[in-house]
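Asks: Quick one: the structure is below, and I'll ask about it shortly.
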Amino acid sequence: MAVAPIVGYSNNMNTSAENQQYIEVLKYTLPLGDNKGRTEKYYAEAAIPALNKLRIENIGVFNVIYGSNAPSLYVFIPHNTLESVMTYQEKLLEDNAYLNAGKDFIESTISNPAYVRIERGLMKAFKNMPAVVSHKATLGDQRILELRIYESHNYVKGQKKIDMFNDAGEIRIFKESGLNPVFFGETLFGTLVPNLTYMVAFKDMTERDKNWSVFGKSEGWASIKDLPEYKDTVSNITDIILRPASCSQL
């Protein structure tokens, strides 16, 4: 019996020709009290150095400023292939330096956990922005990042919104307006599907408000926002403001 493919998913494991990264997102629910910082420390001292050795780079680690009142930590890990997504954790467990540096996190006990639970998802980068981009060097250590999740009521409308970013030029308008895109991703596996998720970066909240205003008043946005083919493509928006941890590469 033939199996219908998942919309937006390629059955071809060899993705080098497509040149679109896969972006893994992990949301850690953190314990209260002194244990709250152990996951961030794990990424700083163990995970990021080990992942960089595997040539997995531009890893983002973020605390929430606005958008979620539960203690949490967001982590974004770009992968060049699906094989990387499937095999990197096994490779980490073969790295003795990683195991030693991350022992407190990796071997945390049920009575003293480093985290409560993990929500894990996977996105595929848009064709017109196929790789994650870091603005850390230009925006500085006090930068903020905005994570926005656009849900759609079906996959057809969700794809239309993706087309609006790619084919109608919304990504280009973002860049021209100073919204500093970090990534745009179609969620393949995760919560709130179908959705697309993107991240933009700013020097501070003042710049964020100013540049969103520039975007909203731009000729480019005015020329596409009311086109009938993109009507009713987004049913809900989640907006989260993030502060990068000191170890974050995004």
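The values are calculated or read from the model by the stated rules, or taken from the named source; none is laboratory data. Everything numeric in this text was worked out from a predicted model, so none of it was measured. Here the Cβ positions follow ideal geometry from the backbone for every residue, glycine too, while neighbour counts run over all protein chains shown. Heads up: the accessible areas ignore ligands, DNA and RNA and are worked out on the full protein's heavy atoms, side chains in. Shrake-Rupley method; radii C 1.70, N 1.55, O 1.52, S 1.80 Å.
Asks: Name the single residue, out of those in segment 40-59 being within 18 Å of SER134 (Cα to Cα) and free of Cβ contacts under 8 Å to residues at least 40 places away in the same chain, that is surrounded by the most Cβ atoms within 10 Å (Cβ to Cβ).
Replies: ILE56
Asks: With the requirement that a residue be in a strand (DSSP E or B) and open to solvent by less than 50 Å² (accessible area, probe 1.4 Å), what does segment 205-250 give you?
Replies: Those that are in a strand (DSSP E or B) and open to solvent by less than 50 Å² (accessible area, probe 1.4 Å): THR238, ASP239, ILE240, ILE241, LEU242, PRO244.
Asks: Can you tell me which residue in segment 149-160 is farthest from ASN19 (Cα to Cα), limited to those that are touching a helix residue (DSSP H, G or I) at 6+ places or on another chain (Cβ under 7 Å) and not aromatic (Phe, Trp, Tyr)?
Replies: Looking at residues that are touching a helix residue (DSSP H, G or I) at 6+ places or on another chain (Cβ under 7 Å) and not aromatic (Phe, Trp, Tyr), I get SER152.
Asks: If PRO130 passes every condition in (1) of a type outside the set (Ser, Thr, Tyr); (2) under 16 Å from the mean Cα position of the chain (by Cα); (3) crowded, with 18+ Cβ neighbours inside 10 Å but one, which one does it miss?
Replies: All conditions pass for PRO130, except number (3).
Asks: Shifting gears a bit: Any chance segment 106-117 includes a residue that's within 18 Å of GLY190 (Cα to Cα) and in a strand (DSSP E or B)?
Replies: yes
Asks: Taking segment 51-96 as the search range and keeping residues that are of a type in the set (Gly, Ala, Ser) and part of a strand (DSSP E or B), which one is nearest to LEU30 (Cα to Cα)?
Replies: SER72
Asks: Got a number for residues in segment 119-131 being outside any loop (DSSP other than H, G, I, E, B) and out of contact with any Lys or Arg (no Cβ under 7 Å at 6 or more places or on another chain)?
Replies: Looking only at that region, the number is 6.
Asks: What number of residues within segment 79-97 satisfy the criterion of being surrounded by 15 or more Cβ atoms within 10 Å (Cβ to Cβ), of a type outside the set (Lys, Arg) and within 12 Å of LEU54 (Cα to Cα)?
Replies: 7
Asks: Only one residue in ALA97, ALA70, ALA50 is aliphatic (A, V, I, L, M) and within 30 Å of ASP204 (Cα to Cα). Which one?
Replies: Criteria check complete, one pass: ALA70.
Asks: Can you confirm whether GLY67 is surrounded by fewer than 19 Cβ atoms within 10 Å (Cβ to Cβ), at pLDDT below 95 and more than 15 Å from ILE118 (Cβ to Cβ)?
Replies: So GLY67 fits the description; yes.
Asks: Restricting to segment 124-134, count the residues that are among the charged types (D, E, K, R) and out of contact with any strand residue (DSSP E or B) (no Cβ under 7 Å at 6 or more places or on another chain).
Replies: Residues meeting the conditions: 1.
Asks: So which residues in segment 159-217 are small (Gly, Ala, Ser) and over 22 Å from ALA131 (Cβ atoms)?
Replies: Across segment 159-217, the qualifying residues are SER213, GLY216.
Asks: OK, next. Which of the residues that make up segment 178-202 are open to solvent by 10 Å² or more (accessible area, probe 1.4 Å) and over 23 Å from VAL85 (Cα atoms)?
Replies: Correct list: GLY178, ASN180.
Listed here are the residues, each with its yes/no results for (1) in contact with a strand residue (DSSP E or B) (Cβ under 9 Å, 6 or more places away or on another chain); (2) more than 26 Å from THR81 (Cβ to Cβ); (3) free of Cβ contacts under 8 Å to residues at least 40 places away in the same chain.
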residue	(1), (2), (3)
ASP95	no, no, no
GLU107	no, yes, yes
ILE110	no, yes, yes
PRO113	no, yes, no
LEU122	yes, no, no
LYS136	yes, no, no
LEU139	yes, yes, no
ILE144	yes, yes, no
ILE149	yes, no, no
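Asks: Quick one: in segment 134-177, which of the residues that are outside any helix (DSSP H, G or I) and in contact with a Gly (Cβ under 7 Å, 6 or more places away or on another chain) is surrounded by the fewest Cβ atoms within 10 Å (Cβ to Cβ)?
Replies: The residue in question is GLY169.
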